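Where a number appears in this text, it was derived from the coordinates with a stated rule and is not lab data. Because the structure is predicted, anything quoted here is derived from the model rather than measured. Neighbour counts run over all protein chains shown; Cβ positions are idealised from the backbone, glycine included.
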Amino acid sequence: MPLFHSFKWPSVAYTLDILAWDWFFALVILFAAPVFRSGWLELTVRYLMIITGVLSLIGLIGIPLANMQVRMIGVLGYVGLLLYFLSFWV
């Protein structure tokens, strides 16, 4: 059962977490970024979204390297920059 419920690599739960955040979240952010086109605030949001998506995708490099510390690059993308991005809307 640890293979299914553990968040220690490798496990099914951790794989689904990586797939959701580092792959699907990154794609959604990158595909949504072109919506913001004009104005300094919209361009800032657009560039932050691109940086967030790219960092999230870079976090996938940790899987073939079997180094989950490298995956923290992706976490930096979707936690750090996304929180900064969301601060524009609050």
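Per DSSP helix of 4 or more residues, -39500 (n - 2.57); summed, then divided by the residues of the chain. What does that give at 222 nm, rounded to the nearest 500?
-14000 deg cm²/dmol
On full extension of the chain, what length is gained from LEU83 through ILE50, given 0.36 nm per residue of separation minus the C-alpha to C-alpha distance?
Once the chain is fully extended between LEU83 and ILE50, it gains 10.5 nm.
Summing Lys, Arg as +1 and Asp, Glu as -1, what charge do residues with Cβ under 12 Å from the Cβ of VAL75 carry, VAL75 excluded?
For residues surrounding VAL75, the net value is -1.
Suppose each label sits 7 Å from its Cα in the direction of the beta carbon; what would the TRP23-LEU65 distance come out to in nanometres?
A separation of 1.9 nm, rounded to one decimal place.
Candidates [x] 42, 15, 11; [y] 29, 11, 11; [z] 25, 17, 10; which is the computed semi-axes √(5λ) of the Cα gyration tensor in Å?
[y]
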